[in-house]
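Some notes on the structure that comes next.
The values are calculated or read from the model by the stated rules, or taken from the named source; none is laboratory data. All of these numbers come straight from a predicted model, not from anything done at the bench. Neighbour counts run over all protein chains shown; Cβ positions are idealised from the backbone, glycine included. SASA here: full protein model, heavy atoms, side chains in, ligands and nucleic acids out. Shrake-Rupley method; radii C 1.70, N 1.55, O 1.52, S 1.80 Å.
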Amino acid sequence: MSVATLVRFDAERLGHAQHTVLAELTLTLHAGERVALLGPSGVGKSTLLAALRRRLAQRAAWCPQEHGLVPPLAVYHNVYMGRLERHSALANLGNLLRPRRDAWREIQILCDALGLDGLLKRPVSRLSGGQRQRVAIARALYQAREVFLGDEPLASVDPHQAERLLAMIQARHATCVIALHQRELALRHFDRVWGLRDGRLVLDAPVRTLTLADLDALYPDASPLTDGSRDGS
């Protein structure tokens, strides 16, 4: 049985204006693939995710690296923003003043599952870094789209939470591309690895063919990382 191709890059250049970030990029994303995107900071992971997001358009849920939250607004409103485009401006304004009962219930269930129970009315500005990370994930999950794209969505949580959050993401999305640095997590929970280095795709292989040493080779100037590592990128 053939597997549907969602996105294909064929010797393409990705970058900004005249600046090339990734050169001669050739890769294919198939439906049902769970891809870990690895590589040092500044190598082009965000650029590749942005290109995937443009190609997939409304088929992709998006969880950005900097969260993209509105600090003065409550957790509920930040999560609700995942579906703003599905409602009229008037309906969205009404929801800002008085939350819709059905939306409140759905978001409450989602946030409870993410460990944000009791926080729906709290402004995001009063949350910890890990809580903000989970709000960003909740907003992406609330979009309820076919593909999940995440730019280091597990960077601000501990290893136990990372495992649990990743399980939730993958339970709701058969297809995902997630940038991360936890190599052991990549080997345990993904089907495929895309590895970037020096402005190029240098690794594109099924996880079953890879070892931790293969992934460590993507970071030649760093000591081996574990699931609990944080490098701030």
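Table for the structure above
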read-out	value
Translational diffusion of region 100-153, µm² s⁻¹ [Kirkwood Rh, Cα pairs; Stokes-Einstein; 4 °C; 1.567 mPa s]	110
GluC sites (Glu not before Pro) restricted to DSSP loop in region 36-119 with at most 16 other C-beta within 10 Å	E66
Percent accessible area from carbon and sulfur atoms, region 77-217, protein chains only, probe 1.4 Å	51
Stokes-Einstein D for region 14-140, Kirkwood Rh over Cα pairs, 37 °C, 0.692 mPa s (µm²/s)	196
Calculated FRET value between T5 and Q65, using beta carbons and R₀ = 22 Å, to 0.05	0.25
Highest-first arrangement of 141-151, 165-175, where packing means the average Cβ count within 10 Å	141-151, 165-175
Nitroxide proxy distance, nm - points 7 Å out along Cα→Cβ at S41 and A217	2.5
Distant alpha-carbon pairs in region 132-194 (separation over 19 angstrom), percent	21
Potential extension, S125-Q18 segment - 0.36 nm per residue separation minus Cα distance	34.8 nm
Cα centre as origin, Lys/Arg/Asp/Glu Cβ charges: the chain dipole, Debye	1060
Contour excess over end-to-end distance, with Cα ends at R172 and A57 and 0.36 nm allotted per residue	39.6 nm
Charge dipole (the chain, unit charges on Cβ, about Cα centre) - positive-most of A171, L110, F148	L110
Sequence ranges 197-207, 44-54, ranked by mean other-Cβ count within 10 angstrom, highest first	44-54, 197-207
Pairwise Cα inverse-distance average, inverted: Kirkwood Rh of the chain (Å)	18.5
Summed residue charge, Cβ within 14 Å of R53's Cβ, Lys/Arg positive, Asp/Glu negative	+3
Backbone HN-Hα couplings from phi across region 121-133 [Karplus 6.51/-1.76/1.60, Hz, Gly and Pro as x]	8, 7, x, 4, 4, 9, 9, 6, x, x, 5, 5, 4
